C-alpha cells in the first residue's frame, strides 16, 4: 500500500491503532517527498492525530476547517447574527442563538438539535432538516419536508445578503482543489462522513491522486445524516483488493470484552467479518443487577473501581437516562465528568467555563490550605462575588474587592482585614468558622450565598472538597458519564452500559437486521461495549424499550 495512487481503505476495529497507522503512513509519505494532509470529522480526532504525526499544524484538522480555509476564511454565522438580523426578519422561523455555538463546538453532534429546551425556537427543526438534506445531497425540490424547503430558501437569501456561510457551506462551497496542495489525503473516522463529505473528499482525491479512508464501519454512528459505512465494508471496484487492509490486533479489548462485542456486532444485516485479536488479558464481561431508573449499584461499582485508580465509563444511548446515576454519584460524593462535552453542565458539575463553583471553593479554602491566613485579591473576589450583598457584605464591598483583583491580582489580604467588607453581625461568625476548619468555613459561606440556586450548585463541589481534598476538584475524575456518541473514541478500564432505548430507537431496533434503524442501534451499543479495556458490565433493562439479545 505504498504506491499512493488511487483510493485506499484501512479498516481499524476498536483499539487496533488507527492513529498509529496514520502516523506511520505520514512518515512514509514524507520520506518519499509527498505532501500528505490528515483530516477528520471531529476536533477530538484531529487533536489526537496532530499530537502523533510529524506535520505542520495547517496539515492536520477537521474536514470543515480545511474547507473553510480553502474558501479564504469567510465569515461564519454566529449566535449574534441569528439573534439579531435573522430572528428580527423571520420571527416565524426564529432560531435559538446557542444552536450555532453548539454546532461549531460540539464535535460529532453536528446536527443534534434539541427540540425541548427552554430556549427552543420554531426554526430549529427546519434548520436541522435543511442541513440534513444537504448532507444527504437531496435536491431541494425533492425534500420531503415543505417547511424545511421554505426555511432553506429564506436562509440562503439571508446568507447571500449578509455575506455569511453556515457549517455545511464549509464543505459544500469548498473548491475541488485539495487542501494545502496535498497529493495524499488521509481521512480518519471515514465511516461517519456524510454523502456530501464523501463527495468532496472524492473531488479532492481526483486532483491529489490519492486518498485513504481509515475507520471502522461497525462504529458508524451518523448514518442518519448520510454516512455510508459500506464505503469501508464494501468499497466496490474503485478500491482494488491490493488497496484494502484490516488492522488485526487490538491493543485495548480484553478477551472477555472482545468476545462479547464481536458476538454482538454480528447482529447487523449484511455483516462482513473483520477478524481481529484481543489483548492477552482475560478481562471480564458480566451482567449488573441495576438499571438506569435504579442505579445505586452502578454508582457503588463506579466508586469502588475509581478508588482503585481505574477509569470508569457509565454509558447510555440517551442522555436523560443518566439522571438517576448522576444523583447517586453526587449522593456518594464521587467526582465525575465528561471531558468530551465540557459545555454540558449536568455532566460536568465540577468543571466548565468561567469561574465555576469548584474554583470558588478552592479560593475560599486557600488561606487555610496554604497556612498563611491570607487570600490573594483574585481568590478573595472569587468567593465573595456570590455572597449576599444585603446581609453578608457591607455596601460597596463587591465593587472594592473586584477593583483590587483587577488592579493588583497578586496582592493579598488577611483574615484581620475583613472588617472592611463583612457586616459586623456576620464577621464574628466568619472568624469562628475559619478557626473551626474547612467544614465550618464552607458551611458559613454556603449559608450566606446569594440565593438557593447558587447554594445548590455549591453543595456538590464543597462536599467533594471535604471528602477528597484539593485533588478532588483539580484532578480529572476517574468516572466519566455520557452517551455512547459523546465518548466515542475514548476508552476506559471499566464500562457500565445501559441497554435502554428511546421510543424512536426501540421502534427502529424492532424492525430487525438489515433495516438501517436496527443496525444503527447495534452499532451504537457496539461502540459503547468497545470503550472497555478490561471489564464490561451490562445492566438490565428498565422497560421493554431496550435492546434484546445480550
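Inside region 388-410, can you point out the residues that are surrounded by fewer than 14 Cβ atoms within 10 Å (Cβ to Cβ) and within 20 Å of residue 373 (Cα to Cα)?
Residues satisfying the conditions are 408, 409, 410.
In region 501-540, which residues are closer than 29 Å to residue 308 by Cβ and surrounded by fewer than 18 Cβ atoms within 10 Å (Cβ to Cβ)? It would help to see each step written out before you state the result.
Within region 501-540, the first condition is being closer than 29 Å to residue 308 by Cβ, and the residues that meet it are 524-540.
The answer is 540, and nothing else.
Which one of 380, 315 is at pLDDT 95 or above, under 30 Å from residue 245 (Cβ atoms) and buried (at least 22 other Cβ atoms within 10 Å of the Cβ)?
Details: 380 fails: under 30 Å from residue 245 (Cβ atoms).
Exactly one residue qualifies, and that residue is 315.
Across region 246-301, what is the number of residues that are under 21 Å from residue 492 (Cα atoms) and without any contact (Cβ under 8 Å) to a residue 12 or more places away in the chain?
Summing the residues that are under 21 Å from residue 492 (Cα atoms) and without any contact (Cβ under 8 Å) to a residue 12 or more places away in the chain in region 246-301 gives 3.
Here are the criteria: (1) modelled with pLDDT of 95 or more; (2) not assigned by TED's automatic domain parsing to the domain that holds residue 361. Tell me which single one residue 462 does not satisfy.
With respect to (1) modelled with pLDDT of 95 or more; (2) not assigned by TED's automatic domain parsing to the domain that holds residue 361, residue 462 is out only on (2).
Can you name every residue in region 1-44 that is part of a loop (DSSP other than H, G, I, E, B) and surrounded by 15 or more Cβ atoms within 10 Å (Cβ to Cβ)? Give the steps one after another, and end with the answer.
In the first step, residues of region 1-44 are kept if they are part of a loop (DSSP other than H, G, I, E, B); the result is 1-5, 12-17, 32-35, 41-42.
Correct list: 4, 12, 13, 14, 15, 16, 17, 34, 35, 41, 42.
Which helices (runs of 4 or more DSSP H) does region 418-488 wholly contain that include 2 or more residues that are more than 30 Å from residue 308 (Cα to Cα)? Quick ask: steps written out before the conclusion?
On the way: elements: 424-436, 438-447, 452-468, 471-474.
Result: 424-436, 438-447, 452-468.
So residue 96 passes all but one of these: (1) at pLDDT 90 or above; (2) buried (at least 16 other Cβ atoms within 10 Å of the Cβ). Which condition number does it fail?
(1)
Considering only region 51-62, I want to know if a residue exists there that is more than 30 Å from residue 278 (Cβ to Cβ), out of contact with any helix residue (DSSP H, G or I) (no Cβ under 9 Å at 6 or more places or on another chain) and modelled with pLDDT under 90.
Looking through region 51-62, none of the residues is more than 30 Å from residue 278 (Cβ to Cβ), out of contact with any helix residue (DSSP H, G or I) (no Cβ under 9 Å at 6 or more places or on another chain) and modelled with pLDDT under 90.
Mind checking which strands (runs of 3 or more DSSP E) fall wholly inside region 176-265 and carry at least 3 residues that are buried (at least 21 other Cβ atoms within 10 Å of the Cβ) and in contact with a helix residue (DSSP H, G or I) (Cβ under 9 Å, 6 or more places away or on another chain)? Working first, answer last.
Working: elements: 184-187, 210-215, 244-246.
Per the criteria, 184-187, 210-215.
The values are calculated or read from the model by the stated rules, or taken from the named source; none is laboratory data. Just so you know, these numbers come straight off a predicted model, no measurement behind them. FYI the Cβ positions are ideal-geometry reconstructions off the backbone, even for glycines, and counts take in every protein chain you see.
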